[in-house]
Amino acid sequence: MTDLSLYSVQAILILDGSGNRVYANYYRPPHQPEEQLSVLSQSVKKQKEFEKQLFAKTHKHDSEILIFEDHLVLYKEYLDVTLYLIGSIEENEMVLQLAFTAFKDSLDLILNSGIDKKNIQEHYDTVLLAIDETIDHGVILETDPAAIASRVTKPPVNEPQISLDLDKGLLGAWGFAKSRLQEKLQQGI
Amino acid sequence: MSTHTYKKFENAGSGDLPDRMTIYQDCMSEFNESPVNPKRCRLLISRLLRLLAEGETFPENEATALFFSISKLFQHPNDSLRQSVYLAIKALSSISEDVLMATSSIMKDVQNGSDLVKPNAIRALTTVLDESTAFSAERLLKSAVVNKHPSISSAALTSSYHLLPIAEATAKRFVNETQEAVMDLKPFPHRNVVGDYYPNSTFITQYHALGLLYQLKKSDKMALLKLIRQFSDNNTLKSQLAKVGLVKLVSELVTRDAQLFSSFQPLLNNWLSNKYESVQLETAKLITNFAIQHPHLVSAELHASAVTTLQSLLTVPRVSARFAALRILNRVSMVSPEKIVVCNPELESLINDPNRNISTYAITTLLKTGTESNISSLISTITKFIHEVSDDFKIIIVDAIRTLSINFPQEWMAILNFLIDVLKNGEGGLKFKNNIVEALIDMVSFVPQAKDLALENLCDFIEDCEFNEILVRILHLLGKEGPSTATPSLYVRHIYNRVVLENSIIRSAAVVALSKFALTKNDPTLGESIVSLLRRIANDQDDEVRDRATIALKFIESAKKEENPEAREFVQSRYSYDLPSLESKLSSYISSNADSFQTPFDVTNIRKYTEDEAKAIELKKKQEQLLKGHLENGSESTPGLEEGSKGEKRDSSYAGPSLDEHQEDLRSTKYAEELLSMEQIKEFGPLVNSSRTIDLTDPEAEFVVRGVKHLFNNHAVLQFNITNTLTDIALDNVTVTCTPENPSESSLEELFSLSIDRLSPSQEAACYVAYNKSEEIVMEGFLNNLTFTTRELDPETQQPLDDTEGFQDEFDIDSIFLNAGDYIKSSFVGDFTNAFDELPNEEVAVYNIKENITLQELVDRLVVNTSCLPLESTQYAPSDSSSHTVKLFGKSALKGEKIALVVKLIKTSKGIAMKAQGRSEDATLCSYLVNGLM
C-alpha cells in the first residue's frame, strides 16, 4: 500500500479567480508504458473537467487540504489565483505539504510584488522555471524556497546598441551643439 | 493583423495570448534569426509553453519544426536563455519526432556548462534519450551523481530514476556511487551564489539517492535490510524526505514478511518521537496499518504510543498535520475504535474546526469510538450544529448515524429522534433526504422496537415530500411492513391520501402498497375497505394506475374466495429473488434468444429468499462493509467533498454493496450455474446450499485451488477450482482424488468425478467429485490430492512440445470438511432472546482452545464455521475485555428449521474457554452444530 516511488506529485495547477487555467502540468513519468499512466494525464478534456469541479469545491473555502476524487489536494487561494498541488491519496500529507510550501514560497520570492494573476502572467518564464526546479516529472526536486529561487534566472536584458564610431560621434555632437546654439542666439536676437 | 494588436503582444505584461498560429510563426522566424536576440526568444518560449500548458497542442510536423529551431538556440551562451530552452525541450519532446538530434548539444552542456545550467541539461537529457541510446549517458550521469553540488547530483539521480524503465542496467552500474550519495551530505556552495538568495541545504539528494537505490535493490530483501540498518543510524539521514522514505522502506519490508516486524519495533518506537511530523505520521501510519492486518504481532505499548503520537498531532496548528493524523485515526476507528477512545477530548474539540473536512472526520471518528454511554450525548451535540453545515457534510453525518443504528440497537430512541428531527426540520436536497430515509428504512428492518415510531414519522413526512423517488420508496416500505403492524388502518389512511393528491407515478405505487393491506390478519375488517378503495381508484384517469388497481382487485378476490396460494403470493409475496443471479440469467436469456423466445424464461433455478433470509443477507453485507469496505475500497474520501463521483457509489452501495462483494456474489452464482449445466449433476435436483469458496492452497502456490461445497437433497458435490499460474506448462488430465478421513465409517458413496482434460497456463477450470448421501445430515472430512500430467509448452505457439511425454505429478492440497455449518443458512430475527427461548431442543458443549488467537479471530471463525448470522452486533469482540458473548442465528438449508446459538468466550492465560449453547427445532442439527464448532 505504501509506495516507495519518488513520483509523489501528480499535478501542479494554477487557476484564476473564475476557475480558468493559468498553468497546469499533469505529470507523467517519462518512459513509462502508456497503459500505466493515469487517465488524467492523458486527456485534456478530463483535466479541464477535473479543474472545474475542484475549483467549485475549493473556491472560497479556506481549508488548505482535502481529498478530491481519490487525490490528495493541497491548495492556497490568493486574491485572484489559487495554487494547487495534487498528489496520490496514499502519499504522506506532510511530504506534500513540504513540496507545496516550497512551490508557494518560491513563487513568493521570485514574484517581487506578490502572487496574483497579472504578475504570474507577466513573469511566466520565471514561474515556469521555479516550478520546474521544484518538481521534475512528479519527483520533488527541492524543498527550500531560497534554493529554488536561486536557481531561477532572470530574463536576459537587451544588450544596448552602442555605436563605436567615436570620431563621428564627437564631431556630430559638436555640430549639433553648434547649430542649436546658433539657433538660440538667432532667436534671442 | 493590424499593428495595434501586434504591439499588444509585444508587451510581455499583457495577459492575453496570441493564437497558436501566430506564436508558431513568431517562434519559427525569431529562433532562426542570427544573431539571436535572447530576451525576445525567452519571451517567445514562455508564450509557447503557456500555450501548451493551457491544453493546446501542435501537430507532429509543427512540433518537430519547433523543436528543431529551438535546438538552434544552443549557439547562444546566455544561461537564462538556456534554462528556457531546456524547459521547451522537455515540453516538446513528447509531441515531436527526432528528438535525438538534440542529444549531443545537451551532453556538451552536461560536461562543460555552468553549474547553473548543468542540472537543467541533465534533466532534459532523459526526455530525449530512448532505449537504444540511454547507455551512452552512463559516464555523464555517473560523474554527475558524485558531483559535490547538490542540484547536479540530484538531477543526475532523478534522471536515472526516470530512465529506469528503459535502462535499468545502466543505472545498476553506478549503484555504489548512488549509495555514496545517500551517505554524503552535500551542502550548497555558498561562495558562488548567483542571485540574491541564500539557499538552505535540505540534503534532499539523499532522498533521491534512496529512492533510486530502492528501485535498484528492491528484489533483494537482504540488501534492503542492510540499507535500513545502515541508514537508520540517527545521523546518517539529514533530509526529512529521505527519512520518510526509509519508513516507507520498512513498511514495504514488513508487508512482504510480517515476521520482521518485531525486530523493527525499537526503531519504530524511536521514530515516533522524531523531530519531523512527517516521519511521526508515516511511522504511526505504518504501525496502525500493520496492526489492522496482523493484530497479534504488534505489541500493545507500541500501538498505544503510535496513538499518543497521533493524539498530540491533533492539536498542532498546521492544518495538514491535523488532517493527516485524523485520517489515520479514522481508519483505526473502523477496526478497533476502543484503541483510540483516549483521543476523544481532542476529537471533540476538533468538531468546531474551521476546516470542514477536519470537523467531519472528527465527528465520524467520534461516532465510531462512541460507546453506549456517550452516544446519546454525542448525538445531542451533533443535533445542535447539523443545521449549520452544508449538505455534503450532513450526508456524511447521517451515514455515520446510520451505522450506529446497526451497532447500537439499544440506543434506537436517541438515534430515531435525531433522524426524525433532521428529516422534518432540515433543509436539504434529494440526496440528503434520501440518506435519512435510507437510515430510517434500515432501522425499520433491523431494529424492531423502532419500527412503529419510524413508520409513523415516515407517514407524516410523505404528506409534504417533494421528491417522487423518496415517496415511492416509502410507499413500498409501508406496503411491506404496514400490514404486519398492530394498527394497519393508520397507514391505509396515509397511503390513500397520496392516491387522492399526487401524480400518477406515486398513485401507482400507492395502489400496490394499498393492495398489500387487503389480506392483513391483524385487522380483518380492513379487507373490505381496501377493496372499495381500489374500486374507486379503478376509475382513475391514468391507465397505469387503473391497470394496477384492476389487477390488484382480481388477485384479492381470487385469493379470498378460493384460498388460492398463487394469488396470495402475488398480493403479498413472501419471497424475493436473488437479484444478481436473476439479472445475469435474464440478460443471458435475452442475448441467447435461441428460438425467438418461444421457451419461457425459467425462474426455478434462481435462488429465492424469504424475507428473513433476505434481511440476514443484507445485514451481513452491511456488517462486512463496515469492517472491510472502508479500508479496502478506498472509500476513505474526504467527507462530503465527493458528491459528484461518490454520490453514485453511495447510491449503489445499499443495493449491492461494494464491487468486490458483488463480484463474489456473481462468482458463486456462476459456479452454481456451471454446476447445474452439467448433465450428470442436473439429475440431483435443485441445489440446496453452496458454501463460500475456501482457499485450499497458498494463494502464491503454483496451482491455486479453491473449493466449494454444494449440497443437494440426496447428493453432495465438491467443486475444486484450479488455476494454473505457470506460464509455460500446461496440465493434462487434472483430477482431484478425495479420500474420506475415516474410510470405514464413511456414509458417503462416491458416484463419479469429473476431470479437466487440459489446463493451459493462467487458466482456471473446475474438477468435480460427486457423492451420494442420505437425506440426513452427513459430516465428513476429505483428504485431497491433485494429480496431473505436466506438459511443457512451446513458448511461441503455446502448443505442447512434441518430444516431451510429460510426467505424472501430484500436489497436496488442504483437506475440505463437510460440516454442520454447510447445512445452515444465516437468517435474521428481530428479538433474539425470545426466539432463543422458544426453540425446543437444547444442546450444550464446552471447548478449551489452546491456540494463541484473539477473541475477535475466534468470533470470525465461529461466524464462518456456523454460517449463522451474528446478531445484536455481537460479532465485534471488545479487545479490552477478556470475555465476550456471541449470538448466532440461522436456518437449516434442508428443511428450514431455526437454530440459535449463544457462545460465551472467556480468555485466560492458558487459552480461550468457550461454552456453546444451541437451541433448535432440529435436535440432530443442533447437536452436530454445537459439537462441531471447531
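Details
- The single residue among B:K243, B:K238 that is assigned by TED's automatic domain parsing to the domain that holds B:S154, in contact (Cβ under 8 Å) with a residue 12 or more places away in the chain and in a loop (DSSP other than H, G, I, E, B) turns out to be B:K238.
- Qualifying residue in segment B:840-863 (condition: outside the structural domain of B:D732 (by TED's automatic domain parsing), aromatic (F, W, Y) and within 30 Å of B:L687 (Cα to Cα)): no
- Residue within segment A:64-77 that is surrounded by 24 or more Cβ atoms within 10 Å (Cβ to Cβ), in a loop (DSSP other than H, G, I, E, B), of a type in the set (D, E, K, R) and within 7 Å of chain B (Cβ to nearest Cβ) present: no
- Hits in segment B:33-70 - residues which are more than 8 Å from chain A (Cβ to nearest Cβ) and under 18 Å from A:T126 (Cα atoms): B:R40, B:C41, B:L44, B:L48, B:L51, B:L52
- Residue check for B:R327: of a type outside the set (D, E), within 16 Å of A:E64 (Cβ to Cβ) and crowded, with 20+ Cβ neighbours inside 10 Å: yes
- Taken as a whole, the structure leaves B:S239 outside the set of residues that are at pLDDT below 90, polar (S, T, N, Q), surrounded by fewer than 16 Cβ atoms within 10 Å (Cβ to Cβ) and within 23 Å of B:L141 (Cβ to Cβ).
- Residue that is farthest from the chain's Cα centre (by Cα), among those in segment B:266-287 that are farther than 19 Å from B:S320 by Cα and either aromatic (F, W, Y) or within 14 Å of chain A (Cβ to nearest Cβ) (or both): B:W271
- Qualifying residue in segment B:89-110 (condition: within 9 Å of chain A (Cβ to nearest Cβ), surrounded by fewer than 21 Cβ atoms within 10 Å (Cβ to Cβ) and of a type in the set (D, E)): no
- Residue in segment B:799-813 that is part of a strand (DSSP E or B), closer than 25 Å to B:V734 by Cα and either in contact with a Pro (Cβ under 7 Å, 6 or more places away or on another chain) or outside the structural domain of B:T723 (by TED's automatic domain parsing) (or both) present: no
- So B:I406, is it β-branched (V, I, T), on the phi < 0 side of the Ramachandran plot, modelled with pLDDT under 80 and out of contact with any Gly (no Cβ under 9 Å at 6 or more places or on another chain): yes
- Among the residues of segment B:457-509, those identified as part of a loop (DSSP other than H, G, I, E, B) and either within 22 Å of B:S529 (Cα to Cα) or of a type in the set (A, V, I, L, M, F, W, C) (or both) are B:C465, B:F467, B:T485, B:A486, B:T487, B:E502.
- Condition met for A:T143 (at pLDDT 80 or above, touching a helix residue (DSSP H, G or I) at 6+ places or on another chain (Cβ under 7 Å), within 8 Å of chain B (Cβ to nearest Cβ) and surrounded by fewer than 24 Cβ atoms within 10 Å (Cβ to Cβ)): no
Quick grid of which residues meet (1) buried (at least 19 other Cβ atoms within 10 Å of the Cβ); (2) modelled with pLDDT under 80; (3) small (G, A, S):
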{"residue": "B:P840", "(1), (2), (3)": "no, no, no"}
{"residue": "B:V863", "(1), (2), (3)": "yes, no, no"}
{"residue": "B:E872", "(1), (2), (3)": "no, yes, no"}
{"residue": "B:K904", "(1), (2), (3)": "no, no, no"}
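Yes/no per residue for (1) within 25 Å of B:F323 (Cβ to Cβ); (2) within 11 Å of chain B (Cβ to nearest Cβ):
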| site | (1), (2) |
| --- | --- |
| A:S38 | yes, no |
| A:D62 | yes, yes |
| A:E90 | yes, yes |
| A:L111 | no, no |
| A:Y124 | no, yes |
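- Leading residue by the ranking (surrounded by the fewest Cβ atoms within 10 Å (Cβ to Cβ)) among those in segment B:195-236 that are touching a helix residue (DSSP H, G or I) at 6+ places or on another chain (Cβ under 7 Å), over 22 Å from A:A147 (Cα atoms) and among the small types (G, A, S): B:A223
- Failed item in (1) more than 14 Å from B:N120 (Cβ to Cβ); (2) among the hydroxyl-bearing types (S, T, Y); (3) facing another protein chain (nearest Cβ under 9 Å), with B:Y86 passing the rest: (1)
- Identification of helices (runs of 4 or more DSSP H) wholly contained in segment B:149-227 with 2 or more residues that are touching a Pro at 6+ places or on another chain (Cβ under 8 Å) and at the interface with another protein chain (Cβ under 10 Å from one of its Cβ atoms) yields B:150-172.
- Looking across segment B:779-798, the residues that are more than 14 Å from B:D732 (Cβ to Cβ) and either buried (at least 19 other Cβ atoms within 10 Å of the Cβ) or of a type in the set (D, E, K, R) (or both) come down to B:E780, B:F782, B:N784, B:D794, B:E796.
Here is a yes/no grid of residues against (1) assigned to a loop (DSSP other than H, G, I, E, B); (2) touching a residue at least 12 places away in the same chain (Cβ under 8 Å); (3) out of contact with any strand residue (DSSP E or B) (no Cβ under 6 Å at 6 or more places or on another chain):
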{"position": "B:A765", "(1), (2), (3)": "no, yes, no"}
{"position": "B:S815", "(1), (2), (3)": "no, yes, no"}
{"position": "B:N834", "(1), (2), (3)": "no, no, yes"}
{"position": "B:I853", "(1), (2), (3)": "yes, yes, yes"}
{"position": "B:Q856", "(1), (2), (3)": "no, yes, yes"}
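- For B:E138, the criteria (1) under 45 Å from the mean Cα position of the chain (by Cα); (2) in a helix (DSSP H, G or I); (3) within 14 Å of chain A (Cβ to nearest Cβ) hold in every case but one, which is (3).
- Some residue of segment B:845-863 being under 23 Å from B:S827 (Cβ atoms) and aromatic (F, W, Y): no
- Considering segment A:14-35, the residues that are at the interface with another protein chain (Cβ under 10 Å from one of its Cβ atoms) and in a loop (DSSP other than H, G, I, E, B) include one that is farthest from the chain's Cα centre (by Cα), namely A:P33.
- Annotation note: of B:L347, B:L404, B:L366, the sole residue that is free of Cβ contacts under 8 Å to residues at least 24 places away in the same chain, of a type outside the set (G, A, S) and either part of a helix (DSSP H, G or I) or surrounded by fewer than 23 Cβ atoms within 10 Å (Cβ to Cβ) (or both) is B:L366.
- Residue check, A:E122 in contact (Cβ under 8 Å) with a residue 60 or more places away in the chain and of a type outside the set (A, V, I, L, M, F, W, C): no
- Residues satisfying the stated conditions in segment B:112-129, i.e. crowded, with 23+ Cβ neighbours inside 10 Å and part of a loop (DSSP other than H, G, I, E, B): B:L129
The values are calculated or read from the model by the stated rules, or taken from the named source; none is laboratory data. These figures come from a predicted structure and were not determined experimentally. Methodologically, a virtual Cβ is constructed for each residue, glycine included, from the backbone with ideal geometry; neighbour enumeration extends over all protein chains shown.
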